[in-house]
Amino acid sequence: MESTGLISFLLIGLVAGWLAGKFMKGQGFGLIGNMVVGVIGAFLGGFLFGILGISAGGLIGSIITATAGAMALLFIVGLVKK
């Protein structure tokens, strides 16, 4: 992966983590924690969308995919924390 691709991936993950924290009120880890979850969730979202056969292209599609993955990760971690 090129350095610009990596930076783009990290920025999309950070935005997705922030958005997931806003959507999943009460199940977050604060701003920094949610951003880290967003980066990890971007991988998870890409994996889940691939399994489901969903393709989301472009910047907006990438943010949606990463946000869905981050929300799924926040949900799973919230279940484990309880």
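Coordinate-derived values only; no laboratory data. Owing to the predicted nature of the structure, the values given are computational and were not obtained by experimental measurement.
Indicate the gyration tensor shape class of the stretch 3-81 (rounded, prolate or oblate), computed on the Cα atoms with a ≥ b ≥ c the square roots of the eigenvalues: a/c under 1.5 is rounded; otherwise a/b larger than b/c is prolate and the rest oblate.
In terms of gyration-tensor shape, oblate.
So what J values fall out for the stretch 36-48 if you push phi through Karplus, 6.51 cos²θ - 1.76 cosθ + 1.60 with θ = phi - 60°, rounded to Hz, Gly and Pro as x?
Karplus values, whole Hz, x for Gly and Pro: 5, 4, x, 5, 5, x, 4, 5, 4, x, x, 5, 5.
What length, rounded to one decimal in nm, is gained on full extension from Ile7 through to Phe75, with 0.36 nm per residue of separation minus their alpha-carbon distance?
Computed gain between Ile7 and Phe75 is 21.9 nm.
Below 8 Å, C-alpha to C-alpha, sequence gap of six or more: please give me the relative contact order for the chain in percent.
For the chain, the relative contact order is 36 percent.
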